[in-house]
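To keep things clear, I will list the structure first and then write my remarks on it.
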Amino acid sequence: MRLLAVLLAFVAMAGAALAQQPQPQQQQTPPKPPAKPASPAAKPAPAPAKPTSRFPPPAFKVTVATEAGYPPFNYLDRKGMPAGFEMEIAQEACQRIKAECEFMAFKWDDLIPGLMDKKFDVIMSSMEVTSERRKRMGLSRRYYLSPGAFIAAKGAPFDGPPSLLRNKRIGIQKDSTHADWADKSFRRSAQLKRYNTIAEALDALAKNEVDAVFGDKAQLWLWSQKPDGKCCEIVGQDIKDNQTLGLGVSAGLRKEDAKLREALNKAFGEMVSDGTYKKINEKYFPFPLN
């Protein structure tokens, strides 16, 4: 009995010792690291910058008509588009008034009727200012004036005042403003020879049938640049006379388009003031037309 008691006591002590030993801990799954914040979406690459223009975008459209038959003032280029001195003046003016311009060619006799029928907005075709035209349409300020001038054989002793041509033979185109001036100035002091066209008068000069021809300076100079005109050159001073030779060339518009006319007038004036007109002028003629 005593032995059984001792054994029971020993077993109890062993169980207590086992109960006091630390139990193995359950293996835990390590916590997941916090998710990284989503990276912001990539920004699209900036679009390439558009080339800038020194002119503002067009505000309205304007159609400009010309005869395209009077080079170098107006003519058709190799692509069949109106070009020349007047068209460059018009294009520059269009840019300054923020207008998109379209250029069209019409027969001379159709220009004023076409303007009135609103087929186009502006005529720029070497149209001289006259009182009759002032009644029918609105006219801009003058944008060019080709003065009267004399042309004679190279080396002729006339490169001075018109008085040097007294008692000489002067060719003129009959029924023209230049004939009117010659009648007023030389009727009693020179022999005036009248021809149907200025071309006939210049042909007479080349044949030495006259001593000089009086006419539009631009036309005379252009002829002198051709083979037939190599004999001759412009002589003397420019002749300007509003009463007989006119006021010059203006753009034609409808009278009701007063704001467009004012805008063109402003553009023409600015072109003269800042030297742009002079640069265009010098591309075509060695003398000023304003």
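The values are calculated or read from the model by the stated rules, or taken from the named source; none is laboratory data. Predicted model, so just to flag it, every value in this text is computed and none were measured. Cβ placement follows ideal geometry from the backbone for every residue including glycine, while neighbour counts extend to all protein chains displayed.
Is there any pair linking a residue in region 83-110 that is surrounded by fewer than 22 Cβ atoms within 10 Å (Cβ to Cβ) to one that is small (Gly, Ala, Ser), with Cβ under 6 Å and at least six apart or on different chains, and which?
If the second residue must be small (Gly, Ala, Ser), the pairs left are Arg96/Ala267; Ile97/Ala263; Ile97/Ala267; Lys98/Ala59; Met104/Ala65; Ala105/Ala68; Phe106/Ala65; Phe106/Gly114.
For region 81-143, please list each of the helices (runs of 4 or more DSSP H) lying entirely inside it that holds at least 1 residues being at pLDDT below 95.
Counting at least 1 such residues, we get 131-136.
With Lys226, Lys174 as the choices, which residue is farther than 30 Å from Thr63 by Cα, under 33 Å from the mean Cα position of the chain (by Cα) and of a type outside the set (S, T, N, Q)?
Checking each option against the conditions leaves just Lys226.
Taking Gln243 as the residue in question, decide whether it is in a helix (DSSP H, G or I) and over 20 Å from Pro72 (Cβ atoms).
Yes, satisfied.
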